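Here is the structure we will look at, set down as structure tokens.
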Amino acid sequence: MKLFVFIVCQFTVLLTFAQCPVLPSPNVYKVLDQGGIFSFNHELKIDSSGLPKKSKQFLENWFAKFVGIQIHFTQHNADLVFSKLQNVPPHYYSINVNDQIRIQYSSEESCFYAVNSLSQLIVKNEDESYILKSFVSDLPNFEWRGIHLDVSRHFFTTTELKKMIDLLAFYKFNKFHLHLTDDQGWRIEIKKYPKLTSIGGFRDSTVIGHYTDQPRKYEVKRYGGFYTQNDLKDLVQYALDRYITIVPEIEMPGHSRALLAAYPNMSCHSEVKNVPGLWGVYEEVLCTKKGTLKMMKHILDEVMEIFPSNYIHIGGDEVMKNQWRTCSKCQKTIKKKNLKNEDELQSYFINEIGKYLQKKGRTMVGWDEILEGGLPKNAVVMSWRGFQGGIEAVKASHQVVMSPGEFCYFDHYQSNSPNEPIAIGGFTSLERVFQFNPIPEGLSELEKGYILGAQGNLWTEYMPDFSQVEYMAFPRAIALAQVLWSKNKGSYQDFEGILKSKHLPLLDHWGVNYAKALYYPQVKFTPAQNGINMKIDAQTPQRFDVFVKSNEVYGSMNNGMTMVAGDTLYFERTTLDKTVDYRISISNETLKNPIVYHVRNHPALNFEVQLMTKPNKRFSGQNGFTLVDGIYGKLPWKGSDWLGFDTNDIRLSVDLNGGKMLSGFKLDCLLDASSWIHLPQEIEVWGMNQDGLNRILVIPYTREKIDINGNFETLIFRVKGKDKIEMGQPGEGKMPWIFMDELELYFKD
Ligand code: ACM
Ligand code: ZN
């Protein structure tokens, strides 16, 4: 009878699509054509007869604490009623708001999501709370909606992890991947191997600043911690109460320095080394001998005791194989098992673990390197080095969780502001996350079915406390939730609008230190006649105090000035061999710290540069202009101030404005081996004038200024890199990237 009434309502009431305040956006949201609201006095009367226990708990706790709505359970005159639907997809729910609120759901989980969406539909005023008369119909797009957190590089309390779980549940994530072990700390109590935590859980020092800074500085202070098995069991239950599965990760055979510090005999050469306080990838890995495999299986036994998750993550990424090459036991295994090389040895190790997990009824998950050399049939591949690993895994009939760095690495920078707190590098803005599609192009319908979903990763080298984790996770995690949940995610502009009007205030209310990048003024450097312009853009009319300081004694711009949003400041290029360095500081009362830019004015500023070889489109900046815009590529790199090429032979030409007498040049490139970015090997310079095009120089690459003479109209640079990254380095055997910025030219009169 109830269902009958429900159907009549749907067909007799006229509804119109409207913008929904709920994020991630439901599949369907319509408001009643005749308008109207359902209002109540901050107290919701609920008939709990059709309400599952976890949703009831959520209503009681969450509504009072975060929505500010009191709950009152009653059988009579209820505002909110529930009913279970049969024969609908397992995660479907609907909300009908008219003279009463009716939630219909297909599973306990979908009821939880319905209640959650309902909490976001409520508008609270001084006098009353209300919901627009409306209809919501919803179900998730992807099955794996995950966030990963590294608790090894930095350690967070279980209270903080619970706050994260609350936020993830609110945005309808259902997987929380805990990266429990790595080189810099072992964070899970294993009863059989107590030294894993007593020794492996603590380091004596931690690097200060970016790990590429020279000279390196360390904070010499014991740092660490670990979770007891009881802590973790409690956390598992807390997450399950919110329909989130915690997927534990135990890294092997790489990223194992903390384990090896505690049990050095598990390494190839039994060398005793400490738990390191420096980030990066280490040469020390687990030996592949029987004893190590046995230990890892014992560890996994205890892990499976704590975590009911079907999925157990075993890492498998960035394994340096040098030590295996010189280890008699590893070499013996290669012979005995008839393996071709160390790559197959890695595959052997992973397969042994995979078979063990399978025997225990669990499913192995690993980073995409585990594909190299074959895998147990049911293993799941997490594709982090772009989409390619995921595509190969799908073709080999493996299920895949997409987590490509360019969209899903929330340890990257999220804005160009020079004031972003230090991060590892890279650039993954909120909009970029929103644009992510976990399904790569070119897959068949069948192949698409292997993509379980995706995951955002929080590696915490540069997140020393939980407040910084919040800053890096939010609001990007909400954009990822939109990608993973919503079948129809809408436009980025609409998403940003809902975020700003409804969700960022919610995050403020809950005390979440989310990134304010959406509100930062934008400073842009653009080409201008014989020089460059600096423009300040802001979303609201604002005045800025701008102070430009230069190293010129008699410069004209040493004074402060006022600029309003939209104003530009012009820099005319210098001539001959003169360079001038400026420090530009932009401040006003809304900025916590001034925005500071360093600009070098040089004689090639805004010369016309043609990129005959195209940079990778993720790192193409403003194309040729980026090389001569006066803004130098910085370390750590943020992806926008460098031109990044995924090839080892790059050609570009520079127009010398009608012919000039050259005296020298300088081309700076980036070295960041951990990101597979290497310096070029060789540089060729060709000059064009009345005599035609001639090669004038071939030298090994250097970052120093090179003297060359000649009168040319056009210069052509050819920059060549290595074919392959050397063995023993991250990305060994792959072609390195080349990142460039900036190009300076000097002239004679
Ligand atoms: C990874 O980022 N090394 C999986
Ligand atoms: Zn070995």
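Values quoted throughout were computed directly from the atomic coordinates according to the rules given, and no laboratory measurement underlies them. In this text the structure is predicted, and so the values were computed from the model without any measurement. Don't worry about glycine lacking a Cβ; one is built from the backbone with ideal geometry, like all the others, and counts go over all protein chains shown.
Each residue, Lys578 and Glu552, gets one label point 7 Å from its Cα in the Cβ direction; the gap between the two is 0.6 nm.
Treating each Cα of segment 95-142 as an identical point scatterer and summing with the Debye formula, the log10 of I(q)/I(0) at q = 0.29 Å⁻¹ comes to -1.17.
Rounded to the nearest 0.05, what FRET efficiency do Lys221 and Lys500 give with R0 = 45 Å and r taken as the Cβ-Cβ distance? Could you check? Rounded to the nearest 0.05, the efficiency is 0.65.
For the listed peptides 566-572, 293-299, a ranking on the average number of other beta carbons within 10 Å per residue, highest first, reads 293-299, 566-572.
If only the Cβ of Lys and Arg carry +1 and only the Cβ of Asp and Glu carry -1, the dipole of segment 282-418 around its Cα centre is close to 1000 debye. Extension gain for Gln539 to Ser397 (0.36 nm times residue separation, less C-alpha to C-alpha distance): 46.3 nm.
Could you give the angle, 0 to 90 degrees to the nearest 10, between helix 342-359's Cα long axis and the longest principal axis of the Cα atoms of the chain? In the chain, helix 342-359 runs at an angle near 10 degrees to the longest axis.
Calculated mean residue ellipticity, 222 nm, the chain: -6500 deg cm²/dmol, from DSSP H runs (n ≥ 4) at -39500 (n - 2.57) each, averaged per residue and rounded to 500. The share of alpha-carbon pairs in segment 275-352 lying farther apart than 21 Å comes to 37%. Residues Asp127, Asp577, ranked from the fewest to the most other C-beta atoms within 10 Å, line up as Asp127, Asp577. Set the Cα radius of gyration of segment 69-148 against 2.2 N^0.38 Å, with N its number of residues, and you get 1.20.
Rounded to the nearest Hz, the phi-derived 3J(HN,Hα) couplings of segment 511-525 under the Karplus curve 6.51 cos²θ - 1.76 cosθ + 1.60 (θ = phi - 60°) are x, 9, 7, 6, 6, 9, 3, 4, 9, 5, x, 9, 10, 10, 10, where x marks glycine and proline.
Taking a straight line from the alpha carbon of Lys294, these lysines sit under 17 Å away, with near neighbours fewer than eight places off in the same chain left out: Lys191, Lys192, Lys195, Lys329, Lys355, Lys359, Lys360.
How compact is segment 495-637 by the rule of thumb for globular proteins, expressed as Cα Rg over 2.2 N^0.38 Å?
1.24
The C-alpha atoms of segment 599-709 occupy a region whose extents along the principal axes are 44, 27, 24 Å, arranged from largest to smallest.
Stokes-Einstein diffusion of segment 287-432 at 20 °C, 1.002 mPa s viscosity, Kirkwood radius from Cα pairs, rounded to a whole number: 126 µm²/s.
The Rg/Rh ratio of segment 71-201, with Rg taken over Cα atoms and Rh as the Kirkwood radius over Cα pairs, comes to 1.15.
Scaling against 2.2 N^0.38 Å puts the C-alpha radius of gyration of the chain at 1.07.
Assuming 0.36 nm per residue, please report the length gained on full extension of the stretch Thr562 to Asp33 beyond their Cα-Cα distance. Don't jump to the answer; show the numbers that get you there.
Numbers: separation 529, 0.36 × 529 = 190.44 nm, distance 5.00 nm.
Here the segment from Thr562 to Asp33 would lengthen by 185.4 nm.
On a per residue basis, the convex hull of the C-alpha atoms belonging to segment 209-319 measures out at 145 Å³.
Ellipsoid semi-axes for segment 478-531, based on the Cα gyration tensor and the rule √(5λ), read 30, 18, 9 Å when sorted largest first.
Which of Gly354, Ser107, Trp485 sits closest to the plus end of the dipole of the chain, meaning its Cα is farthest towards the positive end, when Lys and Arg get +1 and Asp and Glu get -1 on the C-beta? Ranked along the dipole, the leading option is Gly354. Here the Kirkwood formula puts the hydrodynamic radius of segment 645-720 at 13.3 Å, using every distinct Cα pair.
Show me 38-45, 170-177, 448-455 ranked by packing, highest mean number of other Cβ atoms within 10 Å first.
Peptide ranking by packing, descending: 170-177, 448-455, 38-45.
For the chain, a crude dipole built from +1 on the beta carbon of Lys and Arg and -1 on the beta carbon of Asp and Glu, taken about the Cα centre, is about 2100 debye to the nearest 20.
From the alpha carbon gyration tensor of segment 444-579, can you work out the equivalent ellipsoid semi-axes (sqrt of 5 times each eigenvalue) and give them in Å, largest to smallest? Please report the intermediate quantities before stating the final value.
Details: eigenvalues 338, 82, 61 Å².
They are 41, 20, 17 Å, listed largest first.
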